[in-house]
Amino acid sequence: MQAVPKCRGNWNMRIRKLFKFEAAHIVRNCSSVRCRQNIHGHSFKVELVLKSGTLDNAGMVMDFGLLKGRVSAFFDTFDHSYIIWSEDKSELVRFICNENERWVSLPFSPSAENLAIFFHVIVQGILNNTVPVNGQGGVKVHSVRVHETETGWAETEQDDRPLFEEMASMALNCTFSPEIMAENKEWKETWECLTNNPMSLTSPQENRTLSPEIITR
């Protein structure tokens with residue numbers, strides 16, 4: 001039985017997966033006084049759209065179950081965390097790191113726009129390093145949409161390559177709190193792989209080092 005249509009020509013199928021997390025931040029230098037001067041939180045929603053010009057043995061771009069591993073572990077690092085800009089006031093950075101178990105320090109302002117670019121680059125790096133299973137190939141991040149509120153979001157597009165290259169040059173300078181790393185061992189392994197292979201954030205890898213995801217249910 002043929003599960004995959006034998007299509008010819010240039011085409012792309014897209015799939016979407018939604019991730020959610022609760023997090024706090026300050027966005028310095030923005031126009032809103034409340035946002036630039038006060039710690040505040042959001043119920044973040046992240047729409048991850050993947051694309052491929054081929055389908056796997058089941059006729060899928062990628063089984064959604066495969067995103068419940070390392071990609072889900074990545075977004076979980078932000079849940080109930082404080083997202084710090086590493087260049088923020090030193091006394092605030094020290095306080096957050098000393099008095100909170102869950103924090104992520106980023107080398108850029110944690111606006112929705114910057115987070116969307118960061119998420120795009122990191123998820124692509126995960127895909128580039130993971131050994132494919134079940135025949136999927138050429139899976140790429142098409143877009144990432146980050147919702148801060150019910151009425152506002154920021155979104156990347158696949159043609160934003162200059163932004164991705166600039167972000168890739170700084171993305172691996174972020175720091176996840178020791179408690180996050182101790183709790184999220186799957187992410188710890190993935191992060192070590194990415195930091196050891198920075199070129200993988202923007203380029204597919206022939207020698208992939210992350211083992212295939214296993215779906216148990």
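Overview of values
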{"read-out": "Matching entry among E87, E47 (being modelled with pLDDT of 90 or more, assigned to a strand (DSSP E or B), of a type in the set (D, E) and surrounded by fewer than 21 Cβ atoms within 10 Å (Cβ to Cβ))", "value": "E47"}
{"read-out": "Given (1) buried (at least 17 other Cβ atoms within 10 Å of the Cβ); (2) of a type in the set (A, V, I, L, M, F, W, C); (3) part of a helix (DSSP H, G or I), index of the condition V141 fails", "value": "(3)"}
{"read-out": "Residue within region 99-109 that is in a helix (DSSP H, G or I), free of Cβ contacts under 8 Å to residues at least 24 places away in the same chain, surrounded by fewer than 19 Cβ atoms within 10 Å (Cβ to Cβ) and among the charged types (D, E, K, R) present", "value": "yes"}
{"read-out": "Pair list, Cβ under 6 Å, 6 or more apart: region 133-157 residue in contact (Cβ under 8 Å) with a residue 24 or more places away in the chain, other residue surrounded by fewer than 16 Cβ atoms within 10 Å (Cβ to Cβ) and part of a strand (DSSP E or B)", "value": "H142/R14"}
{"read-out": "For M181: the one exception among (1) in contact (Cβ under 8 Å) with a residue 12 or more places away in the chain; (2) surrounded by 13 or more Cβ atoms within 10 Å (Cβ to Cβ)", "value": "(1)"}
{"read-out": "Qualifying residue in region 125-132 (condition: surrounded by fewer than 21 Cβ atoms within 10 Å (Cβ to Cβ), under 30 Å from N57 (Cβ atoms) and not polar (S, T, N, Q))", "value": "yes"}
{"read-out": "Total residues in region 151-166, condition assigned to a loop (DSSP other than H, G, I, E, B) and at pLDDT 95 or above", "value": "3"}
{"read-out": "Flag if I96 is under 14 Å from the mean Cα position of the chain (by Cα), under 22 Å from E183 (Cα atoms) and part of a helix (DSSP H, G or I)", "value": "no"}
{"read-out": "Test: residue in region 50-61 that is closer than 20 Å to W153 by Cα, out of contact with any Asp or Glu (no Cβ under 9 Å at 6 or more places or on another chain) and not small (G, A, S)", "value": "yes"}
{"read-out": "Test: residue in region 178-201 that is of a type outside the set (D, E) and part of a strand (DSSP E or B)", "value": "no"}
{"read-out": "Unique residue being more than 19 Å from P110 (Cβ to Cβ) and of a type outside the set (A, V, I, L, M) when the list is E150, E166", "value": "E150"}
{"read-out": "Counted residues, region 7-37 - those being assigned to a loop (DSSP other than H, G, I, E, B), at pLDDT 95 or above and basic (K, R)", "value": "1"}
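The values are calculated or read from the model by the stated rules, or taken from the named source; none is laboratory data. Values in this document were obtained by computation on a predicted structure and should not be read as measured data. So basically every Cβ, Gly included, is an ideal-geometry build from the backbone, and we count neighbours across all protein chains shown.
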